[in-house]
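Engineer: There's a structure below that I have some questions on.
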Amino acid sequence: QRIKLKIEPGRDLEVVRAVRDAIGTGIDLVVDANGAYTLEDSAHLAGLDEFGLTCIEQPLAISTPDDPGGLDAHRALATRIATPICLDESLTSITRTEQALSMGACSVVCVKAPRYGSWLDAVEVLELCHRNRVGAWVGGMLDTGIGRLANIALAAHPGATATGDISATDRFFTTDICSPVTIDGGPGAGTIAVPTTAGFLGALDHASLVDHTIRLATIRL
């Protein structure tokens, strides 16, 4: 199980402290800054170390003209705080992920297949993390059922070592174009079954797809 909090300047340490006090130390706690801080905030971010966080996700800016991907800044931050750094938006390719890992800019990777360009690239990133014994988890909160099913398959990869952002369909959608993804095991269990069949089209809800179609196009090759 994992709880993830969004943080930003002015809304961070006290919020994290309150949640950690409420849940105790038996549940993983992650914070996501979405690039809200700068390297000048290093001493302040070091205040998070006392809470035993699984990681801080994307603490600094995604990119600057002098620092593509913000990798240099995150490498510097990693030497100033004990909380593991997870990169998300900074990692837009396999090459940049390799670079981030080799230079010590992060020790955890958030893998989002669309950001890498394909699910095959996402698999390669998970294999890269697995080979290098680097933590990784699969993100993708707003995907429809097709993307959600693909993310579930990715999350079953041995390289995906941490709880990801995959949720049940009804967390974000009242209806979907696929059979709904559900949480198994009853309240508090928080598990999702990995499909055992190949492909995703068997779960497609054709009636719902027709209902939600706003435009049709025919492409002849």
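Coordinate-derived values only; no laboratory data. If you're wondering where the values come from, they're calculated on a predicted model, not measured in any experiment. Cβ atoms come from the backbone with ideal geometry, glycine included; neighbour counts cover every protein chain shown.
Engineer: With just the Cα atoms defining each centre, how far is segment 151-221 from segment 42-112? Give it in Å.
Structural biologist: 29
Engineer: Return one number: the angle in degrees, 0 to 90 and rounded to the nearest 10, between the long axis of the Cα atoms of helix 119-131 and the longest principal axis of the Cα atoms of the chain.
Structural biologist: For 119-131 against the chain, the angle is about 40 degrees.
Engineer: Turning to a different aspect of this structure: Mind listing the long-range amide H neighbours of Lys6? Cut-off is under 5 Å, sequence gap 5 or more, other chains count too, H placed in the peptide plane at 1.01 Å from N.
Structural biologist: Hits under the 5 Å cutoff: Asp32.
Engineer: Taking the Cα centre of segment 2-212 as origin, sum charge times position over the Cβ atoms of Lys and Arg (+1) and Asp and Glu (-1), and report the length of that vector in debye to the nearest 20.
Structural biologist: Computed about the Cα centre, the dipole is about 380 debye.
Engineer: While we're here: Select one label from (1) 33, 28, 23; (2) 32, 22, 16; (3) 38, 20, 18: the one whose number is semi-axes √(5λ) of the Cα gyration tensor in Å as derived from the coordinates shown.
Structural biologist: Answer by label: (2).
Engineer: Could you state the principal axis extents of the C-alpha atoms in segment 76-196, from the largest down, to the nearest angstrom?
Structural biologist: 44, 30, 24
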